[in-house]
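Structure, as structure tokens:
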Amino acid sequence: MLDKLLAALQDTTVIAAISNKIDRALNTYKTESVEIKSYRDFNHQVAQLIIYLHNDGLLAPMTISPRSAMAEGVDLLEHVYENNGIRGYDGAYLDAIDGRGQGFEGVCLQLSEIIKEREITRYVNCRFFQIIDPSDKDLHQEIVDELIRKYAAIFPEDIRTGHSARFIKYHRDLLEMIINSNLAFEQIRNPSRKTPSD
């Protein structure tokens, strides 16, 4: 049961399509002539990238206004961006104006990865609720039992040896941990991402 469930939740065809479309869009996005001299320039360029990725990078393209694109970009950078120990929007801005580093191209790369992870998470969440009845406690117990049995090596001892009923309410978290690990290994095996030196 677990193998079928994991296969359904991490349909590699759909996940690869999400990932590849965003990668292709980023690879065609022109950053060579972009000059960031102020926060205003930075905000404008971040908004342009978000608009471009929404139009050309998503499986279901969508139109987004420049104001909404800037708000989304700033929010994503503030909450997720990290590079060389500098986090958030200000860290992204400092990276963008750094002529010795990856510059704005590096920010674009990381922002596209953030969007890619968000889109994959949305897909997995949608599939999760289509497949797993939130009220079926017996199914949740079965999922936890199989996960602990099959992936014992990666779980801490208290989860491996504890009574699995304690973890029923965390069945989704345990599944997501396995899915994210599998996706990370797949990305390592088949890297398709643009690198700032490309």
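Rounded, prolate or oblate: which fits region 54-162 when a ≥ b ≥ c are the square roots of the eigenvalues of the alpha-carbon gyration tensor, with rounded for a/c under 1.5 and prolate only if a/b beats b/c?
It comes out oblate by the Cα gyration axes.
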> Could you list, bin by bin from short to long, the percent of Cα-Cα pairs of region 2-189 in 5 Å steps?
Replying inline: 1, 7, 14, 16, 15, 12, 11, 9, 7, 5, 2, 0
> What angle do you read, to the nearest 10 degrees and between 0 and 90, between the alpha-carbon axis of helix 171-189 and the longest principal axis of the chain?
Replying inline: 50 degrees
> Within region 64-123, which trypsin sites (Lys or Arg not before Pro) sit in a loop by DSSP and count at most 13 neighbouring Cβ atoms inside 10 Å?
Replying inline: ARG100
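Can you give the calculated 222 nm mean residue ellipticity of the chain, where each DSSP H run of n ≥ 4 adds -39,500 (n - 2.57) and the sum is split over every residue, rounded to the nearest 500 deg cm²/dmol?
Computed mean residue ellipticity for the chain: -22500 deg cm²/dmol.
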> For the chain: lysine pairs with Cα atoms under 24 Å, gap of 8 or more or different chains, count?
Replying inline: 12
> Treating the beta-carbon of each Lys and Arg as +1 and of each Asp and Glu as -1, no other charges, what is the dipole magnitude of the chain about its Cα centre, to the nearest 20 debye?
Replying inline: 180 debye
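Since every read-out is calculated from the coordinates, none of them should be taken as a lab result. Since this is a predicted model, take the numbers as computed values, not measurements. Cβ atoms come from the backbone with ideal geometry, glycine included; neighbour counts cover every protein chain shown.
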